Amino acid sequence: MIVSHSWLAEHYNDSDLVILDSRGNVAYSYAHIPKSQPLGVEKVVKVTDSGANLVLETDAAATLFGSLGIDDAKTVVIYGDYMDPSAARIAWTFLYFGHEKIKILDIGIRSWHQKGLPITKEVYKATPTTFAPKINPSLRIEAEDLQKKLDTAYIIDARSPQEYMAGRIPNSVLFPFTDGVGEKGSLFKEKDELVKIFEEQKIPKDKELVCYCALGHRAANVFTQLKMAGYENVKLYDGSLADWVGRRLPLG
């Protein structure tokens with residue numbers, strides 16, 4: 001799921017590539033990777049009355065992704081800021097809608113700039129096309145199903161220790177998303193490092209894993225870390241604690 005900055009620096013002009021800036025329109029307007037388009041994380045969520053950031057409706061996703069020039073033939077590369085989980089949440093959204101040609105840039109945009117790699121202010125707009133969603137329900141869990149699996153699933157809280165102690169989904173274990181973030185601008189630790197960390201955490205490979213946080217963004221980052229480390233049965237509770245509390249479900 002990760003693509004190197006050296007590869008992107010050589011291939012950003014490829015016709016079968018769509019590059020997305022997860023920082024959104026304002027940061028994009030100052031400077032961005034050539035041929036990229038802005039797609040802030042707020043564009044890929046549906047906010048409920050409780051403040052939960054749920055995944056987009058299928059029709060809305062088809063319209064949005066199609067407007068960015070994305071179809072089955074395109075590989076999508078997402079980049080963003082160091083320590084910002086937005087790129088991972090957007091990448092998960094593409095996976096959920098069946099687009100598996102999805103990559104996250106290995107470094108943040110500041111590191112890209114510091115390395116002297118191409119930067120521009122020129123606005124790029126791809127030719128719209130048709131995006132056909134193919135939902136992969138195995139990547140997502142909703143509150144009702146999670147309630148039934150509190151004793152069987154392995155539930156991972158991607159927030160900070162302070163947030164975790166203040167209230168959490170019952171039976172969840174703490175794994176701050178920052179524990180899997182790399183150093184010197186790298187968005188993730190190397191695969192071998194992640195494997196070692198998750199083994200030390202005793203995160204099982206034979207159980208269904210459910211990731212959550214406050215709004216689902218940091219949890220999507222841990223989802224990505226687990227996938228990088230070879231875990232297969234991983235789900236995102238995209239509603240996360242905002243949805244859980246909004247439904248007045250019990251806290252641990």
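The values are calculated or read from the model by the stated rules, or taken from the named source; none is laboratory data. Since we're looking at a predicted model, the values are computed, not measured. Here the Cβ is made from the backbone with ideal geometry for all residues, glycine too, and neighbour counts use every protein chain on show.
A few notes on this one:
- Qualifying residue in region 155-168 (condition: of a type in the set (D, E), touching a strand residue (DSSP E or B) at 6+ places or on another chain (Cβ under 9 Å) and either under 15 Å from L241 (Cα atoms) or assigned by TED's automatic domain parsing to the domain that holds D49 (or both)): yes
- Pick from region 29-62, criterion in contact (Cβ under 8 Å) with a residue 24 or more places away in the chain and assigned to a helix (DSSP H, G or I), ranking: nearest to V123 (Cα to Cα): S29
- Taken as a whole, the structure leaves K125 outside the set of residues that are farther than 19 Å from A27 by Cβ, in contact (Cβ under 8 Å) with a residue 24 or more places away in the chain and not in a helix (DSSP H, G or I).
- Filtering region 183-211 to residues that are in contact (Cβ under 8 Å) with a residue 40 or more places away in the chain and either at positive phi or in a loop (DSSP other than H, G, I, E, B) (or both) leaves K184, G185, L187, F188, I203, P204, K207, E208.
- Matching residues in region 64-90 - criterion: being of a type outside the set (A, V, I, L, M, F, W, C), within 22 Å of N13 (Cβ to Cβ) and assigned to a loop (DSSP other than H, G, I, E, B): G69, D71, D72, K74, G80
- Just one of the listed residues (V41, V55, V45) is touching a strand residue (DSSP E or B) at 6+ places or on another chain (Cβ under 6 Å), surrounded by 19 or more Cβ atoms within 10 Å (Cβ to Cβ), under 26 Å from V181 (Cα atoms) and of a type in the set (V, I, T), and it is V45.
- Which numbered condition M165 misses (of (1) under 26 Å from S50 (Cα atoms); (2) crowded, with 16+ Cβ neighbours inside 10 Å; (3) not aromatic (F, W, Y)): (2)
- Some residue of region 112-129 being surrounded by fewer than 20 Cβ atoms within 10 Å (Cβ to Cβ), of a type in the set (D, E, K, R) and outside the structural domain of D59 (by TED's automatic domain parsing): no
Quick grid of which residues meet (1) among the β-branched types (V, I, T); (2) touching a Lys or Arg at 6+ places or on another chain (Cβ under 9 Å):
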site	(1), (2)
G69	no, yes
K101	no, yes
R110	no, no
T127	yes, no
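- Counted residues, region 181-194 - those being over 19 Å from the mean Cα position of the chain (by Cα) and at pLDDT 95 or above: 2
- When region 212-237 is filtered for residues that are assigned to a loop (DSSP other than H, G, I, E, B) and either on the phi < 0 side of the Ramachandran plot or under 12 Å from the mean Cα position of the chain (by Cα) (or both), the ones remaining, listed by number, are C213, A214, L215, G216, A229, Y231, E232, N233, Y237.
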